[in-house]
Amino acid sequence: MSALAHVAGGDPDFDPSGPVPAPTKRSWTAYLLLLPGALWLGVFFVLPLVQLAAVSLQSRYPGFPGYYYRDVNFENYASALTDYAPHFARSFLYAGLATLLAFVVAYPLAYAMAFKAGKWRNLMMICVVAPFFTSFILRTFAWSQILADEGWVAGTLNFLHLLPGGNIINTPLAVVAGLTYNFLPFMVLPIYASLERADPRVIEAGGDLYANGFTTFRTVTLPMSMPGVLAGTLLTFIPAAGDFVNMELLGPQRGKMVGNVINDQFLAVPGGYPVAASLSFTLMAAILVMVFLYVRRFGTEELV
Amino acid sequence: MTTTTTTPYRPSAPKRAQVWLANHFAMLSAILVLLYLFLPVAYTFAFSFNDHGKTNIVWQGFTWEHWQDPCGVAGVCGSLVTSLQVGAISTLVATVLGTLMALAMVRYRFRGKAASNVLIFVPMATPEIVMGAALLTIFVQGFSNIGLSLGFTTIVFAHIMFCLSFVVVTVKARIQSLDPRIEEAAQDLYASPMQTFWKVTFPLILPGIAGAAMLAFSLSFDDFIITNFVSGNESTFPKFVYVASRRGIPAEANVIGFSMFVLAVLLVVGAQLVSSVRASKIKE
């Protein structure tokens, strides 16, 4: 994810091909530098996860609905997987589709920024990041207006008879559209960062050797941008799989994602903690496994 | 020998259009994508002028009213102030802690480095809802016993946590790009390690630190999912908008959202201009 980090730094002097100093110093200073941050992550990331794990293994008090006691009981996981399997499936399906769409939409933009934009490059970069500052909830709400039945998108598609159901809003289509939109910058920036490091002459050489546009893209451009594509797909898929806001504002009443269940169980259902905790852990484990397999399949050695 | 004026080869109009399209395809699609990114922002702007009744969903007429008094709706400006305060404190703490960690990770060899790398990476690969849920359980079932109840403080603690990893990777990338010979030169000239750091290393990594701080602020300012879990009765701007969305977001929220957008663009463009002016001065 150094690709993302580099772009976030947004500084033109950065020379990724420059020398990387070999860490030679060996002293206690390293631990002093590391300690405050590591302690913070320990107390506010690791410890809460341990507590969440403990909650996910609690058992019901028989006869007292909503009450639990400390235990090592995997029943919550069994019910999480059987009762909410469709929610998991929907989460991963919608997040996967959104990631694919975001890749298709983001690549031309990242490519144009890296090779075609010239002096407009910085301005385009600002344009990619700027919408963040209008709250993403305001923008998602704006999508609910744009995609509404009375809106011009649904109107045009209906006029062309391209919309079998007659509406977009409150359908899974709207949810995927919202996820694609909301995480698009996370796809654009890493791809741009790795394309920017690439030498445009290598791509020209592909053309000089009589490769057509698509062959050059497939055999030269895309492999060079792979670290960025990898970081971008992870940074899009992970938050999209856990999201519940797009479903809440754009999606149907029934057929929610796992994020909605976790959110409701924690904040609206009394005594919902243990089931929600086991759902959270299952989601995290599933994502970590997918990330691991994905990085092993396509990965570069250095991710962070 | 005949002297005929040879006109240069000129392809037919459709052929030329095809070549032009091929040359500009990437840029044209990039512009379309940017328009797509800005579409909801434009909607937010337009509906800040809507003379709406109960809900601000359908256009009902033009008014300046919401721009004249953006704080006119209860809670909207209070939540904005909370968001700015949370953002400022979390950014400051996360940037300092993260920069120290990045220095340790790049500049030193030590036992436990691989584990530290995992500790920094996993929060970025964890969905926000899981982090929010975990924080809620520990705040409610653990830390409430030592007098920490959900509110402003717990929001700040959580935001520092999820901003930290992003600061580390950003600053790390900058430190890795530095030429170690510059620092060696300073030491050759009898600078102490402290002098080397403050006079040489720190100014060189400052742009990376600034970028990390900007990233941290924007992550904190726009966070809703984790905040929703740990905020109790406290309201941030995204939470205000989300809660309001059930009965209709007041146009005053559109005014504030769009103003933040304009402010951010102006700040970034301003910073770019300043740095390019400075760069051209150095070249002279």
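Each reported figure results from applying straightforward, stated rules to the coordinates on display, with no laboratory input. Treat the numbers as computed from the prediction; the structure is a model and nothing was measured. Please note: Cβ atoms are built from the backbone with ideal geometry, for glycine as well, and neighbour counts cover all protein chains shown.
Structure values in brief
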| read-out | value |
| --- | --- |
| Listed residue (A:Gly207, A:Val46, B:Val130) projecting farthest to the positive dipole end of the protein assembly as shown, Cβ model | A:Gly207 |
| Gyration tensor verdict on chain A (Cα atoms; rounded if a/c is under 1.5, prolate if a/b is larger than b/c, oblate otherwise) | oblate |
| Cα centroid separation - segment A:94-112 against segment B:211-284, whole Å | 24 Å |
| Cβ-based net charge around A:Ala268, under 14 Å, with every Lys or Arg adding one and every Asp or Glu removing one | 0 |
| Kirkwood-based shape ratio for chain B, expressed as Rg/Rh from alpha carbons | 1.12 |
| Chain B - percent relative contact order, Cα under 8 Å, separation 6 or more | 31 percent |
| Where only C-alpha atoms are counted, convex hull volume of the protein assembly as shown per residue in Å³ | 229 Å³ |
| Inter-chain Cβ neighbour average for residues B:155-168, partner chain, 10 Å | 3 |
| Theoretical ellipticity at 222 nm over chain B - DSSP helices of four or more residues, -39500 (n - 2.57) apiece, nearest 500 | -23500 deg cm²/dmol |
| Residue mean of other protein chain beta carbons inside 10 Å, B:255-266 | 4 |
| Computed over chain A: relative contact order in percent, which uses C-alpha pairs under 8 Å that are six or more apart | 29 percent |
| Burial order of peptide ranges B:133-143, B:168-178, A:153-163 (average beta-carbon count within 10 Å, highest first) | B:168-178, B:133-143, A:153-163 |
| Under 14 Å, Cβ to Cβ, from B:Val73 - net charge with Lys/Arg +1 and Asp/Glu -1 | -1 |
| Pairwise Lys count, chain B - Cα closer than 28 Å, eight or more residues apart or different chains | 7 |
| Length-normalised contact order of segment A:94-257 in % [C-alpha pairs under 8 Å, at least 6 apart] | 37 percent |
| Peptides ranked, highest mean first, by Cβ atoms within 10 Å: ranges B:85-94, B:113-122, A:34-43 | B:85-94, A:34-43, B:113-122 |
| Approximate shape of segment B:70-192 as ellipsoid semi-axes (Cα gyration tensor, √5λ), whole Å, largest first | 36, 20, 13 |
| For segment A:94-257, fraction of C-alpha pairs farther apart than 25 Å, in % | 41 percent |
| Centre separation in Å (Cα based) which lies between segment A:180-236 and segment A:264-294 | 34 Å |
| Around A:Gln58: net Lys/Arg minus Asp/Glu count, Cβ-Cβ under 12 Å | 0 |
